[in-house]
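Here's the structure we're looking at; comments come further down.
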Amino acid sequence: MDYQAYLKSEHWKRRKERSLKLAGHKCQLCGKRYCELHVHHLNYDRLGCETDTDLAALCKTCHWFFHSWIFREMLERLAEHDHYNPTPEVRDGQAEGK
Ligand SMILES: [Zn+2]
Ligand SMILES: [Zn+2]
């Protein structure tokens, strides 16, 4: 199944709802609530059978950041310099607290 078709499937709809619920219906990066939330794939290794840690609930703005070229380049540069680890909460899917 191609990715666009997958995003329209019932399976993904359920998967997405679960992710939003786990995130407490707030953005896992900035904590914003009551806004349009997107479910972002942190990796595509298990497409179709994602685990909770493969996905992150993000607001529109943070989602845009994740996909923006500047942001990615910035993270890459930081990683080169001092083994900077981008957003562990999001990576490990633990958005509790803060
Ligand atoms: Zn956000
Ligand atoms: Zn995304």
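Read the figures in this text as sums done on the coordinates, not as results from a lab. In this text the structure is predicted, and so the values were computed from the model without any measurement. With ideal geometry, Cβ positions are generated from the backbone for all residues, glycine too; neighbour counts draw on all protein chains shown.
Brief remarks on what is shown
- Sorted by Cβ density within 10 Å, fewest first, the residues Cys59, Cys30: Cys30, Cys59
- Cα-based values for region 23-72, radius of gyration first and Dmax second, are 11.1, 30 Å.
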